[in-house]
């Protein structure tokens, strides 16, 4: 179906993506730093259909790697698959020539579909409704407009997945990425369209629940807690990790998306501080 090269420092992330692509008949070349990446890229440049890279590289700048690819006239489309959840990084990536931008943790089927399309269309922009990085903010604003017209409420859950203060501070390591991904995949199952669940920051997630009163939002909070406790019972690695949640609602807590997200984040910080958890 095609051949891709992956530039990713973290072995688990590389392995997970490699296995997923191999299962879908896509050949994979791995690279763990830019030196290794460019060597392998030049060795295989006539057969590689797509470059997949993480922006957050230890001691290196993924955006700079992208620029070097373009400066060297390497005409291979680039897809960013990253944990970097910032509007600025998204914009810079697109300006640097990214054909698509996918935020971790990702849905397997969606990612394979986007990679396949990117290979087939030769690197034309592939971002669509699933590009959650900036769209969840736009999505919330659109829902607020509808809610004003149709007089309904929206609940917003902001949750953190962290270690307790007695344990070491959460770091970007293999264990945390594995468990963060496990948490995301299990929580995602609780939400159905038009509900939206996605990553907000490195240790935080956001759920947008149209037509949910704050009372109904509290029911979802309890469902999240119950699901996580069941998950912990089945995986000893989660014993030192905790989930905390903050709930805000339109119009009770604000009538603008950014205002509601900021209020939710501040409330979550207060909860974490009160319970003496570390945040990243």
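Got at least one residue in the range 228-239 being touching a residue at least 12 places away in the same chain (Cβ under 8 Å), in contact with a strand residue (DSSP E or B) (Cβ under 6 Å, 6 or more places away or on another chain), crowded, with 18+ Cβ neighbours inside 10 Å and assigned to a helix (DSSP H, G or I)?
Yes, the conditions are met somewhere in the range 228-239.
Can residue 261 be described as out of contact with any helix residue (DSSP H, G or I) (no Cβ under 6 Å at 6 or more places or on another chain), in a helix (DSSP H, G or I), within 23 Å of residue 87 (Cβ to Cβ) and in contact (Cβ under 8 Å) with a residue 24 or more places away in the chain?
Against the criterion (out of contact with any helix residue (DSSP H, G or I) (no Cβ under 6 Å at 6 or more places or on another chain), in a helix (DSSP H, G or I), within 23 Å of residue 87 (Cβ to Cβ) and in contact (Cβ under 8 Å) with a residue 24 or more places away in the chain), residue 261 qualifies.
Return a yes/no flag: does the range 153-163 have any residue that is more than 23 Å from residue 263 (Cβ to Cβ) and at pLDDT below 85.
Yes, some residue in the range 153-163 is more than 23 Å from residue 263 (Cβ to Cβ) and at pLDDT below 85.
Which members of the range 93-107 meet the condition of being under 14 Å from the mean Cα position of the chain (by Cα) and either in the same structural domain as residue 176 (by TED's automatic domain parsing) or part of a strand (DSSP E or B) (or both)?
Listed by number, the residues that qualify are 100, 101, 102, 103.
State which residue is farthest from residue 143 (Cα to Cα) when the search covers only the range 195-213 and only residues that are touching a residue at least 24 places away in the same chain (Cβ under 8 Å) and more than 14 Å from the chain's Cα centre (by Cα).
Here the residue is 213.
Residues are listed down the side, and each one gets a yes or a no for (1) in contact (Cβ under 8 Å) with a residue 40 or more places away in the chain; (2) surrounded by fewer than 19 Cβ atoms within 10 Å (Cβ to Cβ):
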| site | (1), (2) |
| --- | --- |
| 54 | yes, no |
| 64 | no, yes |
| 70 | no, yes |
| 74 | no, yes |
| 80 | no, no |
| 84 | no, no |
| 102 | no, no |
| 107 | yes, yes |
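Is one or more of the residues making up the range 168-176 touching a residue at least 40 places away in the same chain (Cβ under 8 Å) and farther than 21 Å from residue 84 by Cα?
No - not one qualifying residue is present in the range 168-176.
The values are calculated or read from the model by the stated rules, or taken from the named source; none is laboratory data. The model shown is predicted, which means the values in this text are computed figures rather than measured ones. Positions of Cβ are generated from backbone atoms using ideal geometry, with glycine treated the same way; all protein chains shown enter the neighbour counts.
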